[in-house]
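Undergrad: Here's a structure for you.
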Amino acid sequence: KAGVTQTPRYLIKTRGQQVTLSCSPISGHRSVSWYQQTPGQGLQFLFEYFSETQRNKGNFPGRFSGRQFSNSRSEMNVSTLELGDSALYLCASSSLQGAPAFFGQGTRLTVV
Amino acid sequence: AQSVTQLGSHVSVSEGALVLLRCNYSSSVPPYLFWYVQYPNQGLQLLLKYTSAATLVKGINGFEAEFKKSETSFHLTKPSAHMSDAAEYFCAVSGSNDYKLSFGAGTTVTVRA
């Protein structure tokens, strides 16, 4: 059974640009959540989707957005990138409601 | 709002010694509690979770944790450390009806030969 797949693994962007990250959950999982990990702030919840609906959102500015498709794949978008957006972005999936057991390897975003 | 505090950002143990990682939670409602492990350049892997069933929870790789309501604690232990246990460990909490995790700051474990 394939795990949670995140693409790309590494990304370098310039301030002011926008970026889209992709996450494919484990087959059959309908819940996808996103987390940002930085040395300073640690792991912080971004948002969670279930059956294409956003059920919960963390305390991030509106530049951070996401969506989920009918096949449960999810994307997150960050517009007008800032240096502080440099982080490891982790996606997780679960089959039922509740906290995720399976995380992807993450996308490491560097903003220069 | 729920939160967790991990005591000690770094723990160093000898191979074969007890591993004890401390986590205290703060929650206004009965919490769900979790321990995750992160190896370098990897995502998070769930070690174990408490969801109001048995207070002693056994997880993977020989780890276990005990939920103590009176102490608001959920400490993680492993009787005998192995070199492969060197990693960063995160305690996390969620409510029973929400879908987001609040993580502690993490504890890095080093295992000495």
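The values are calculated or read from the model by the stated rules, or taken from the named source; none is laboratory data. Since the structure is predicted, the reported quantities are computational estimates derived from the model, not experimental observations. Heads up, the Cβs are rebuilt from the backbone with ideal geometry, glycines too, and the neighbour counts pull from every protein chain shown.
Undergrad: Could you check how many residues of region A:25-37 are away from chain B (no Cβ under 12 Å) and touching a strand residue (DSSP E or B) at 6+ places or on another chain (Cβ under 6 Å)?
TA: 3
Undergrad: Report yes if some residue within region B:98-110 is surrounded by fewer than 19 Cβ atoms within 10 Å (Cβ to Cβ), more than 13 Å from the chain's Cα centre (by Cα) and among the small types (Gly, Ala, Ser); otherwise report no.
TA: There is no residue in region B:98-110 that is surrounded by fewer than 19 Cβ atoms within 10 Å (Cβ to Cβ), more than 13 Å from the chain's Cα centre (by Cα) and among the small types (Gly, Ala, Ser).
Undergrad: Further, regarding this structure: Only residues that are modelled with pLDDT of 95 or more, crowded, with 19+ Cβ neighbours inside 10 Å and part of a loop (DSSP other than H, G, I, E, B): list them for region A:73-103, please.
TA: The one that is modelled with pLDDT of 95 or more, crowded, with 19+ Cβ neighbours inside 10 Å and part of a loop (DSSP other than H, G, I, E, B): A:LEU81.
Undergrad: Shifting gears a bit: Which members of region A:1-49 meet the condition of being aliphatic (A, V, I, L, M) and in a strand (DSSP E or B)?
TA: A:LEU11, A:ILE12, A:VAL19, A:LEU21, A:VAL32, A:LEU43, A:LEU46
Undergrad: Further question on the same structure: Counting only residues that are at the interface with another protein chain (Cβ under 10 Å from one of its Cβ atoms) and at pLDDT 90 or above, give me the strands (runs of 3 or more DSSP E) lying completely in region B:8-113 with at least 2 of them.
TA: B:32-38, B:44-50, B:87-94
Undergrad: State yes or no: is B:VAL4 in a strand (DSSP E or B) and within 14 Å of chain A (Cβ to nearest Cβ)?
TA: Spelling it out, B:VAL4 is indeed in a strand (DSSP E or B) and within 14 Å of chain A (Cβ to nearest Cβ).
Undergrad: Another question, if that's okay. How many residues are within 14 Å of chain B (Cβ to nearest Cβ) and loosely packed, with under 13 Cβ neighbours inside 10 Å if we restrict to region A:43-63?
TA: Total meeting the criteria: 3.
Undergrad: Now a separate question. Quick one: which of A:GLY40, A:GLY16, A:GLY66 is surrounded by fewer than 16 Cβ atoms within 10 Å (Cβ to Cβ), within 14 Å of chain B (Cβ to nearest Cβ) and either closer than 27 Å to B:VAL37 by Cβ or not aliphatic (A, V, I, L, M) (or both)?
TA: Answer to the selection: A:GLY40.
Undergrad: Please go through region A:59-83 and pick out each residue that is out of contact with any strand residue (DSSP E or B) (no Cβ under 6 Å at 6 or more places or on another chain) and touching a residue at least 40 places away in the same chain (Cβ under 8 Å).
TA: Scanning region A:59-83 gives A:SER72, A:SER79, A:THR80, A:GLU82.
Undergrad: Right, here's the next one. For region B:43-70, enumerate the residues that are among the small types (Gly, Ala, Ser) and without any contact (Cβ under 8 Å) to a residue 24 or more places away in the chain.
TA: B:GLY43, B:ALA53, B:ALA54, B:GLY62, B:SER70
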